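One structure is given here, and the rest of the page talks about it.
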Ligand code: B12
């Protein structure tokens, strides 16, 4: 959601003059422009409200505008930037091709939030919004690729915790033809964080290759992530049949994402990341 300066003035109670001054003199916010008009994201509105509170507490705007989240929390204990505001902020950096800052911000969120909040509550809705914006031509395919690469980079840096004994080995892949990797990458990290031993088979895996790697590693569960693309809709049943036919014993196939509700006889269907996390917790109890 984007707002103009008059709307922001009404919401925050700051005059348009003050808002402009805080931008120009102190660089406290950096709204995008539509021609000569400033346009503000909800994240910037939240920031202006926080700055107003800090100024009311006696902190000069010059100093307040440079405070980090940690410093703000010390003087305003109730301060908690909302996830939507952060998602909007990430999107505005992407829109402006400020990729280094986007990378730094993603890094910052990964380190400060737990694995689950970062992946389930921030990255997943962020990527969904990226998809919508590309569809409406408000982001380019180049921007979609850039943010995917930066997000992937942060996810692979999440370190595995110690494996809990007694939990089943889980493998992760997407079917041949499906390049949408982030779902399985996230799911593998969420599983590791709960102590599951994991083997990452990767995206775009042919059925015969899935059978091969299962024979070698003998996972109890294979999580197959699926996007709603034509090759999955047309070929998924035969993919499962081909891989399954060659395996004795056959691991349990967990069909995740778009095909979860379509596949004819999945062992386990998982539609959302949240549901996946719940299944992991059930497996541990
Ligand atoms: C990034 C992206 C890509 C990247 C993928 C790169 C990579 N390394 O992963 C690239 C650029 C390669 C790509 C290509 C294409 N894409 Co694409 N892509 C996306 C995008 C923007 C984000 C996907 C993503 O990673 N999301 C993060 C995951 C975690 O969230 P999610 O996908 O919503 O999944 C949720 C559930 O389904 C479930 N889930 C999904 N997978 C898994 C896995 C597990 C294990 C679990 C537990 C849950 C789960 O959990 C998630 C949260 O609830 C989506 C937009 C969107 N709305 O999702 C489009 C989207 C999926 N792509 C789409 C399309 C059409 C394509 C292309 C055909 C485009 C083209 N014309 O070339 C190609 C197909 C390529 C191929 N053969 O696979 C469409 C699908 C259309 C539809 N029918 O709905 C979407 C929805 C965009 C759109 N709105 O048009 N894409």
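Number of residues in segment 110-145 that are crowded, with 18+ Cβ neighbours inside 10 Å and more than 20 Å from residue 83 (Cα to Cα) equals 2. Selection over segment 253-276 of residues that are assigned to a helix (DSSP H, G or I) and either touching a helix residue (DSSP H, G or I) at 6+ places or on another chain (Cβ under 6 Å) or near the ligand (Cβ under 8 Å from one of its atoms) (or both) gives a count of 7. Counting the residues of segment 232-243 that are in contact (Cβ under 8 Å) with a residue 40 or more places away in the chain and within 21 Å of residue 200 (Cβ to Cβ) gives 3. Quick one: in segment 139-169, which of the residues that are free of Cβ contacts under 8 Å to residues at least 40 places away in the same chain and in a loop (DSSP other than H, G, I, E, B) is farthest from residue 110 (Cα to Cα)? Checking each candidate, the answer is 166.
Of all residue pairs spaced 6 or more apart or on separate chains, those with beta-carbon atoms under 6 Å, a first member in segment 179-193 that is under 14 Å from residue 222 (Cα atoms) and a second member that is assigned to a helix (DSSP H, G or I) and within 8 Å of the ligand (Cβ to nearest atom) are 187/276.
For residue 228, the conditions (1) in a helix (DSSP H, G or I); (2) exposed (fewer than 14 other Cβ atoms within 10 Å of the Cβ); (3) within 27 Å of the chain's Cα centre (by Cα) all hold with the exception of (1).
Considering each residue of segment 72-85, count those that are without any contact (Cβ under 8 Å) to a residue 24 or more places away in the chain, surrounded by fewer than 15 Cβ atoms within 10 Å (Cβ to Cβ) and within 27 Å of the chain's Cα centre (by Cα), and give that number. Final tally of qualifying residues: 4. Answer yes or no as to whether residue 183 is away from the ligand (no atom under 14 Å from the Cβ), under 24 Å from the mean Cα position of the chain (by Cα) and not assigned by TED's automatic domain parsing to the domain that holds residue 123. Considered against the rule, which asks whether it is away from the ligand (no atom under 14 Å from the Cβ), under 24 Å from the mean Cα position of the chain (by Cα) and not assigned by TED's automatic domain parsing to the domain that holds residue 123, residue 183 comes out as no.
Among the residues of segment 244-261, those that are surrounded by 14 or more Cβ atoms within 10 Å (Cβ to Cβ), without any contact (Cβ under 8 Å) to a residue 40 or more places away in the chain and more than 14 Å from residue 225 (Cβ to Cβ) comprise 244, 246, 247, 250, 252. Within segment 166-173, none of the residues are modelled with pLDDT of 95 or more, near the ligand (Cβ under 10 Å from one of its atoms), closer than 23 Å to residue 232 by Cβ and surrounded by fewer than 12 Cβ atoms within 10 Å (Cβ to Cβ). A single entry from 161, 148 fulfils the requirement of being surrounded by fewer than 20 Cβ atoms within 10 Å (Cβ to Cβ), touching a helix residue (DSSP H, G or I) at 6+ places or on another chain (Cβ under 9 Å) and modelled with pLDDT under 95: 161. Can you give me the number of residues within segment 210-242 that are more than 16 Å from residue 199 (Cα to Cα), in contact with a strand residue (DSSP E or B) (Cβ under 9 Å, 6 or more places away or on another chain) and more than 16 Å from the ligand (Cβ to nearest atom)? Count: 0.
Quick one: which helices (runs of 4 or more DSSP H) sit completely within segment 45-117 and have at least 1 residues that are out of contact with any helix residue (DSSP H, G or I) (no Cβ under 8 Å at 6 or more places or on another chain) and outside the structural domain of residue 139 (by TED's automatic domain parsing)? Can you show your working first?
Details: elements: 61-64, 69-75, 83-95, 99-112.
Where helices (runs of 4 or more DSSP H) fall fully within segment 45-117 and carry at least 1 residues being out of contact with any helix residue (DSSP H, G or I) (no Cβ under 8 Å at 6 or more places or on another chain) and outside the structural domain of residue 139 (by TED's automatic domain parsing), they are 61-64, 69-75.
The values are calculated or read from the model by the stated rules, or taken from the named source; none is laboratory data. From a predicted model like this one, the values you see are computed outputs, not experimental measurements. Cβ sites come from the backbone with ideal geometry, for glycine too, and all protein chains shown count toward neighbours.
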